[in-house]
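Below: the structure, in structure tokens.
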Amino acid sequence: MSKGREIREPSGKLGVLLVGMGAVSTAFIAGVELIKRGLGRPVGSLTQMGTIRLGKRTENRVPKIKDFVPLYRLEDLVFGGWDVLPDDAYEAAVTAGVLEKGHLEAVKE
């Protein structure tokens, strides 16, 4: 049987680089930033809301993945990206039109 491995706690910031500042990238960035500010919920996020079953089903041990595996916190994510168009992420998100103006304004910086 193999010996377990130690997984160190993450430290510092985690940079997320995105190619293209279109609808998907800007919605992702805005969504994470809204969650960080308490203005959204991480619905659909496996790492934030997903659970893992430990042992038998009857043992009812199902911690959230983020509480079981040491992951970076959303507060530690920083974003960068590039696009062939000169728009910044905010302008690209407004153009894409997939988010409500109020949500974008809350995370404009």
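The values are calculated or read from the model by the stated rules, or taken from the named source; none is laboratory data. Note that this is a predicted model, so its numbers are computed, not measured. All Cβ positions, even for glycine, are placed from backbone atoms using ideal geometry, and neighbour counts span all protein chains on display. We work out accessible area using only protein heavy atoms, side chains counted, and drop any ligands, DNA or RNA first. Shrake-Rupley method; radii C 1.70, N 1.55, O 1.52, S 1.80 Å.
For the residues M49, M21, a 1.4 Å probe over the protein chains yields an accessible-area ranking, largest first, of M49, M21. Applied to the range 76-85, the Karplus parametrisation 6.51 cos²θ - 1.76 cosθ + 1.60 on θ = phi - 60° returns per-residue 3J(HN,Hα) values of 8, 7, 10, 10, x, x, 8, 8, 6, 8 Hz, with x for Gly and Pro. Around F79, which amide H atoms from residues at least 5 apart in sequence, or from another chain, sit under 5 Å from its own amide H, with H modelled in the peptide plane? Placed amide hydrogens put V16 under 5 Å from F79.
Of the whole protein surface, S11 contributes about 90 Å² of accessible area at a 1.4 Å probe radius. The angle between the Cα long axis of helix 23-36 and the longest principal axis of the Cα atoms of the chain comes to about 60 degrees, rounded to the nearest 10. Loop-located GluC sites (Glu not before Pro) across the range 1-107 with a Cβ neighbour count of 13 or fewer within 10 Å are E6, E100, with loop assigned by DSSP. Remark: the range 66-75, residue by residue, has Karplus-estimated 3J(HN,Hα) of 5, 8, 9, 10, x, 10, 4, 7, 4, 5 Hz, where x stands for each Gly or Pro and the curve is 6.51 cos²θ - 1.76 cosθ + 1.60 at θ = phi - 60°.
Element breakdown for the range 1-41 at a 1.4 angstrom probe: carbon and sulfur atoms account for 57% of the accessible area. Distances between placed amide hydrogens fall under 5 Å for G50 paired with I65, all partners being 5 or more residues away or on another chain. For the chain, the dipole from Cβ point charges (+1 on Lys and Arg, -1 on Asp and Glu) about the Cα centre works out to 980 debye, to the nearest 20. Per residue, the accessible area of the chain comes to 75 Å², computed with a 1.4 Å probe over protein heavy atoms only.
According to the Cα-based calculation, Rg over Rh for the range 1-87 is 1.08, with Rh computed by the Kirkwood formula.
What the Cβ-Cβ distance of K3 and R61 gives, at R0 = 25 Å and to the nearest 0.05, is a FRET efficiency of 0.65. Selection among G97, T58, F79 by position relative to the dipole of the range 15-106 gives T58 as farthest towards the positive end (Cβ unit charges, Cα centre). Restricting attention to the chain, close to 25% of DSSP beta bridges with both partner residues there are antiparallel.
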